[in-house]
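A short write-up of the structure that comes next.
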Amino acid sequence: MKRAVRREQAIKDVERYGDAALRSDVMQQAFAQKHHLRSTVGEHTIRVACAAVMICYVLRRLRVRIDLPAVVVGSLCHDLGMIGRKEKYASNLESYRRHPEASAAVARQLYPDLPEKTEEIIRRHMWPMRKSRIPNSLEGFVVSAADKYSSVADLVRGGGNARGNPGEVRNRPGR
Ligand SMILES: [Fe+2]
Ligand SMILES: [Fe+2]
């Protein structure tokens, strides 16, 4: 599969498994909150989800079993606890420390039947940064890796560009 085709497939999978998060008010707010200097939380979130799904495709080609819905929901919700950061947290350090647990709480609201595995993906997503617990599932490692990779991409490329604009998921017709 060519990269452009894989990317189109990744967008479809993010939309299929992440519909509740993508349609939520908190996700709308995420596109208005700055993140990583040149990006927004929403743009970063979509970028992480697409990168994580692309990693899953590689793993599947290697015949590794991976829970795609857990990866998509974990990716889409991992930083939603940061929304309203200035009102919620006294400092950047507090936001850094507390947003994973707050994101897990947002995910539970959006997905009342949220599996424990997905919750743990969100709680542990800051790994390997300081004081974060190590992921306890393969899916957790995928989301953590996609998050770190995408954080660098946010800084280098900013919110979006012609090649893989992270806004393309939510800007699709009908969304
Ligand atoms: Fe985070
Ligand atoms: Fe993140």
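Read-outs throughout are calculated quantities, based only on the coordinates presented, and are distinct from any laboratory measurement. Note that this is a predicted model, so its numbers are computed, not measured. Here the Cβ is made from the backbone with ideal geometry for all residues, glycine too, and neighbour counts use every protein chain on show.
Name the residues whose placed amide hydrogens come within less than 5 Å of the amide hydrogen of Thr40, ignoring near sequence neighbours (fewer than 5 apart) on the same chain.
Here His35 satisfy the definition.
Of Glu94, Glu43, Glu120, how do they rank once you tally other Cβ atoms within 10 Å and put the fewest first? Mind dumping the intermediate values first?
On the way: Glu94 12, Glu43 26, Glu120 19.
In increasing order of surrounding Cβ atoms, one gets Glu94, Glu120, Glu43.
Among Thr45, Thr118, what is the fewest-to-most ranking by other Cβ atoms within 10 Å?
Numbers: Thr45 31, Thr118 27.
So the ranking, lowest neighbour count to highest, is Thr118, Thr45.
Under 19 Å from a label point 7 Å along Cα→Cβ of Arg130: give me every residue in region 80-102 with its amide N that close.
Within reach of a label on Arg130: 90-101.
Quick one: Karplus J couplings for region 21-38, per residue in order, coefficients 6.51, -1.76, 1.60, θ = phi - 60°, nearest Hz, x for Gly and Pro?
With the stated coefficients, region 21-38 comes to 5, 5, 8, 6, 5, 5, 5, 4, 5, 4, 7, 9, 9, 4, 7, 6, 6, 10 Hz.
Which residue fluctuates most in the GNM of the chain (Cα springs below 10 Å): Arg133, Arg61, Arg23?
Fluctuation is largest for Arg61.
Given H placed on each backbone N at 1.01 Å, which residues far from Gly158 in sequence or on other chains put an amide H within less than 5 Å of it?
none
Where Lys and Arg each count +1 and Asp and Glu each count -1, what net charge lies around Glu120 among other residues with Cβ under 10 Å from its Cβ?
Working: positive: Lys117, Arg123, Arg124, Arg133; negative: Glu116, Glu119, Glu139.
Overall, the nearby charge balance is +1.
From largest to smallest, what semi-axes in whole angstrom does the chain give when each is the square root of 5 times an eigenvalue of its alpha carbon gyration tensor? Working shown, then result.
Values: eigenvalues 99, 71, 49 Å².
That gives 22, 19, 16 Å for the three semi-axes.
Per residue of region 141-147, what does 6.51 cos²θ - 1.76 cosθ + 1.60 with θ = phi - 60° give for ³J(HN,Hα)? Whole Hz please, x for Gly and Pro, Karplus curve as stated.
Values per residue, Gly and Pro as x: 5, 4, 5, 4, 5, 5, 5 Hz.
Based on alpha-carbon centroids, what's the gap between region 52-68 and region 106-140 in Å, whole number please?
Here the two parts' Cα centres lie 18 Å apart.
For a quick check: sort Lys12, Lys117 by the number of other beta carbons within 10 angstrom, fewest at the front.
Working: Lys12 13, Lys117 16.
In order of increasing Cβ crowding within 10 Å: Lys12, Lys117.
Per residue of region 104-120, what does 6.51 cos²θ - 1.76 cosθ + 1.60 with θ = phi - 60° give for ³J(HN,Hα)? Whole Hz please, x for Gly and Pro, Karplus curve as stated.
Along region 104-120, the couplings run 4, 5, 4, 4, 5, 5, 6, 10, x, 9, 3, x, 4, 4, 5, 4, 5 Hz.
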